[in-house]
Amino acid sequence: MPSDPVEDLYPEVATAGSLAAALDAIAVQHGLSLGTVRALDSSSPLTSASVPGESPVRDDLTVSASTGERRFSLEGWGQGIALIVGDTDDLVGVVRAAHGWRAGTPLHDIRRSAPFVVLTRRGEVVEQGPAGVVAAEWQWLRQRTEEADWPNHTALIEAAYNEPRLRQLYPYTSHSVLNFSTTTGYPFSPNLVSLSAHGSRSNFRVWGRREVLGETATATEAVALAVAHLPADLGPAVAGRYEGQRR
């Protein structure tokens, strides 16, 4: 009978009976705690597991094992943001990272204890709070736009950034349209206003939630039109996913 490639790649997992059980066993050996580890998919217990975040700002950490080579992958989300990812062949390293995730250890400290862990762009700044996430996203967006060499789009991004009421919101683009969210996590809030640059005589277009609000010749005019349609009580973007209760 041919051997099972998963069992060949992960003998410690096969011996334990599941990836969840193997994680638990290694945690006990090293004096660590992972809480209630469970299989992500009951049909593939040898290759999937999740470790509880046990924090209001962290979801469960997912761990998966590749079937083509010995490689464990982990991914951790919190407040609608992908925070950490990583790949390693060392299950002990996975357990160390998972222990830190469950315990609420700062993300940079998790990376120090498990060097294979990579903080995402937003993961690098999420612990600075929503204002830090928003500021970092604006910085990244402006840099990426400059590198794209699209003058009208660059002018639009800069004009929006220079407007404090838009700069306090989380910026993101979709199909070259600039959108603004009142939350830093996905799913984002419904668009109050959106902006785009294009090549016709009216170089810029402004949308509301359901209709075009107007077209303008300059980016500054487009931003002014957008701001005129913002709610008077609109505040800075808050942390987390949009759940329907915020404007």
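Quick check on residue 145: is it hydroxyl-bearing (Ser, Thr, Tyr), outside any loop (DSSP other than H, G, I, E, B) and either over 30 Å from residue 127 (Cα atoms) or open to solvent by 80 Å² or more (accessible area, probe 1.4 Å) (or both)?
In short, no.
Does residue 232 qualify as being open to solvent by 50 Å² or more (accessible area, probe 1.4 Å), assigned to a loop (DSSP other than H, G, I, E, B), of a type in the set (Gly, Ala, Ser) and farther than 30 Å from residue 58 by Cα? First the steps, then the outcome.
Details: open to solvent by 50 Å² or more (accessible area, probe 1.4 Å): yes; assigned to a loop (DSSP other than H, G, I, E, B): yes; of a type in the set (Gly, Ala, Ser): yes; farther than 30 Å from residue 58 by Cα: yes.
When the stated conditions are applied, residue 232 passes them.
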I need the full set of residues from the stretch 166-178 which are surrounded by fewer than 17 Cβ atoms within 10 Å (Cβ to Cβ) and either among the acidic types (Asp, Glu) or more than 16 Å from residue 207 (Cα to Cα) (or both), in order please.
167
Of the listed residues (124, 215), the one being open to solvent by 40 Å² or more (accessible area, probe 1.4 Å) and assigned to a loop (DSSP other than H, G, I, E, B) is 124
For a quick check of your reading of the model, give me the residue pairs whose first member lies in the stretch 203-223 and is among the hydrophobic types (A, V, I, L, M, F, W, C), whose second is open to solvent by 60 Å² or more (accessible area, probe 1.4 Å), with beta-carbon atoms closer than 7 Å and at least 6 apart or on different chains.
204/215; 212/205; 213/207; 213/229
Only listed residue being of a type in the set (Gly, Ala, Ser), open to solvent by 20 Å² or more (accessible area, probe 1.4 Å) and assigned to a strand (DSSP E or B), chosen from 73, 43, 50:
73
Candidates 227, 223, 238, 206, filtered to the one that is open to solvent by less than 60 Å² (accessible area, probe 1.4 Å), in contact with a Leu (Cβ under 6 Å, 6 or more places away or on another chain), at pLDDT 95 or above and β-branched (Val, Ile, Thr)
206
Take residue 131 and decide whether it is open to solvent by 40 Å² or more (accessible area, probe 1.4 Å), in contact (Cβ under 8 Å) with a residue 40 or more places away in the chain and part of a helix (DSSP H, G or I).
yes
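The values are calculated or read from the model by the stated rules, or taken from the named source; none is laboratory data. In this text the structure is predicted, and so the values were computed from the model without any measurement. Glycine also receives a Cβ, built like all others from the backbone with ideal geometry; neighbour counts cover every protein chain displayed. Only protein heavy atoms, including side chains, enter the accessible area calculation; ligands, DNA and RNA are left aside. Shrake-Rupley method; radii C 1.70, N 1.55, O 1.52, S 1.80 Å.
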